Amino acid sequence: MHDDFAVSRRVVLASGAASAVAVGVPGSTADAANPAPQPMVAQVAITVNGTKHSIDVDTRTTLLDLLRERLQLTGTKKGCDHGQCGACTVIVDGQRINSCLSLAVMHAGNDVTTIEGLGMPGQLHPMQAAFVKHDGYQCGYCTPGQICSAVAVLNEMKAGAPSHVTADLTRKPRVTPEELRERMSGNICRCGAYANIAAAIADAAGQRA
Amino acid sequence: MKPFTYQRATSAPDAAAVAARTPGARFIAGGTNLLDLMKLEIEAPAHLIDLQDLRLDRIQRTDDGGLRIGATVTNSALAADPTVRRDYGVLARAIVAGASGQLRNKATTAGNLLQRTRCPYFYDTNMPCNKRLPGSGCAAIGGFSRQLGIIGTSDACIATYPGDMGQALRVLDAVVETVNALGDVRSIPIADFHRLWGDTPHIETNLQAGELITAVTLPKPIGGTHIYRKVRDRASYAFALVSVAAVIQPDGTGRLSVGGIAPKPWRVAAADDALPGGARAAAALLLAGSRPTEDNKFKVTLVERTLAGVLADAQAGKGS
């Protein structure tokens, strides 16, 4: 992990005395007197689901768009694209984040797990299996984000992180339906399949315990 | 989003120096607020200075028994820190009352202080907004203002500072540490960090151009019962209509800061002094001179009632 990071930083920062990452400007048709803003390109070395990639990206590219448009990992979904719905949730270095609100260039050297990396048909992650068992979806669009988020929630609880509904801040929180609901509030389900989502996560939490 | 160049800073003074000499430069840490605004082109930095390599992500004891919180410590890490949970419960409570688990994993201590208002007219680029486009007017005044400010506002802007964490930092008398392009460090008491809008609502803090927050320090623990009570339109993942951060001592004295009502965490010395006399007296002093709109005058009552709830909880020993 740390070696990857060192390599990627060298690659990313090697391009010029100013240490800015912009390494190239694609051709443009804007006239010289009134140039349009030019896209800036940078290289990102990143590990996704165990596979290393080194990719040139427009600096504006979000981690979400890198995953979907460049790596064709379309399991991660774009819902609101503003960090409000949670459909884009992925796990970066063990932490769940909204991939839509994070720039790909800021993740050089990181280790990203998407829904495809959690499990695939025939070898489902226990959380994926629990969602299938409990029918924890209707249309399914929010499901990859729900599952990535739920996997991380159980790890957060295992680590003892408090939530808004944790009664005693000095004690390890207990896995209760109330705790799970509060911790999953960043994942919206437009179909309203919350009852089955909650049941699936509780079931998966029980399997772990 | 407008194109921008990007670099990772290698030291805090260097980051400040680059920011001071680069037109349109902005620091980026978690990015959860800045990127959101960049997508809407409300923010359009020409250059981003990423702070992730500066090792500002540590929480350390200070020599005088307090705590030094690095600028890029995430909200999640800060709320989970054992010392914070034990000695500064109001801070842990305020943090976990805000945003979502995903956002708290990215959002940072300094970034949270610098987050911009959620006034819907600030976000709607079709509307006038003195904060977004100075001199264009304020669509919120006379518009839908249920969520907006009731005190410390101006004829130019009635937006609020939206944060939860800042309310706790205000009752804890936190100090913001910064460094500038020359390498000079400065300590800004949290009370002096955010500005009232006045005629310049686009200037939200007293930071100077290029000045970088390196840490937030807390004085040594003050004991008492720590409570953060947040009233909002849904039970989780919503901004406050009104929130109260409070530390109440066994003798009934205490401190309070109220969120959701003003351009900055709203704490008034006279209201603190009046706490032993109950919520009504303290709320009246806290809100002296308030100028609510027809839409948000309910907040005047809500502040008093939320505070009454806080004081009842403190009396019953319900707190951290």
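Mind putting a number on the dipole of segment B:37-186 about its Cα centre? Charges go on the C-beta only, +1 for Lys and Arg and -1 for Asp and Glu, and I need it in Debye to the nearest 20.
Numbers: 17 positive and 15 negative charges, 84 e Å.
Dipole about the Cα centre, nearest 20: 400 debye.
Derived scalar couplings between HN and Hα for segment A:92-100 equal 10, 6, x, 10, 7, 9, 7, 5, 6 Hz in order, rounded to whole Hz, by the Karplus curve 6.51 cos²θ - 1.76 cosθ + 1.60 (θ = phi - 60°), x for Gly and Pro.
Here the gap between A:Ile55 and A:Cys80, fully extended at 0.36 nm per residue and compared with their Cα-Cα distance, gives a gain of 6.5 nm. Computed about the Cα centre, the dipole magnitude for segment B:79-126 is approximately 80 debye when only Lys and Arg (+1) and Asp and Glu (-1) carry charge, each at its Cβ.
Could you give the longest part of chain B that holds none of the GluC sites (Glu not before Pro) found in DSSP loops with at most 12 neighbouring Cβ atoms within 10 Å?
Of all site-free stretches, the longest is B:42-293.
Between the listed residues B:Ala159, B:Leu37, B:Leu103, the Cα displaced farthest toward the positive end of the dipole of chain B, a dipole computed from Cβ unit charges relative to the Cα centre, is found at B:Leu103.
For B:Cys119, nonlocal amide neighbours, meaning residues 5 or more places apart or on other chains whose placed amide H falls under 5 Å from its own, are B:Thr160.
Working note: 222 nm ellipticity from helices only, DSSP H runs with n ≥ 4, each -39,500 (n - 2.57), summed and divided by the residues of the protein assembly as shown, gives -8000 deg cm²/dmol to the nearest 500. Would you please give the residues with an amide H less than 5 Å from that of B:Asp50, counting only those at least 5 places away or on a separate chain, with H modeled from the backbone geometry? Correct list: B:Gln7, B:Arg8, B:Ala9, B:Ile28.
Each residue of segment A:164-171 is assigned a 3J(HN,Hα), and the resulting list reads 4, 9, 6, 5, 10, 5, 8, 10 Hz, derived from the Karplus form 6.51 cos²θ - 1.76 cosθ + 1.60 (θ = phi - 60°), x at Gly and Pro.
Using only side-chain charges placed at the Cβ, +1 for Lys and Arg and -1 for Asp and Glu, the dipole size of segment B:165-320 relative to its Cα centre rounds to 500 debye.
The label point for B:Asp199 and the one for A:Glu69, both projected 7 Å from the Cα toward the Cβ, are 4.4 nm apart. Residues whose amide H comes within less than 5 Å of that of A:Val57, counting only those at least five positions distant or on another chain, are A:Ala42, A:Gln43, A:Val44 (H built at 1.01 Å from N in the peptide plane). Decide, for the protein assembly as shown, between rounded, prolate and oblate: order the square roots of the alpha carbon gyration tensor eigenvalues as a ≥ b ≥ c, take rounded if a/c falls under 1.5, and otherwise choose prolate if a/b is larger than b/c, else oblate. The shape class here is oblate. Relative contact order of segment B:64-138, taken over Cα pairs closer than 8 Å and 6 or more residues apart, is 28 percent.
In segment A:58-98, Cα pairs under 8 Å separated by at least six residues give a relative contact order of 24 percent.
Here the relative contact order of segment B:20-145, from alpha carbon pairs under 8 Å that lie six or more residues apart, stands at 21 percent. Phi angles across segment B:97-111 convert, under the Karplus curve 6.51 cos²θ - 1.76 cosθ + 1.60 with θ = phi - 60°, into 3J(HN,Hα) values of 7, x, 6, 10, x, 4, 5, 5, 6, 9, 4, 10, 4, 5, x Hz, Gly and Pro given as x.
Taking R0 as 60 Å, what FRET efficiency do you get between B:Asp313 and A:Gln123 from their Cβ-Cβ distance, rounded to the nearest 0.05? Can you show the working numbers first?
Numbers: r = 49 Å, r/R0 = 0.81.
Using R0 = 60 Å, I get an efficiency of 0.80.
In segment B:217-267, a dipole from Cβ-located charges (positive for Lys and Arg, negative for Asp and Glu) runs towards its positive end, and of B:Leu218, B:Gln249, B:Phe239 it is B:Phe239 whose Cα lies farthest in that direction.
Computed from the coordinates by the stated procedures, all read-outs in this text should not be read as laboratory data. In this text the structure is predicted, and so the values were computed from the model without any measurement. Every residue, glycine as well, gets a Cβ built from its backbone with ideal geometry; the counts of neighbours run over all protein chains shown.
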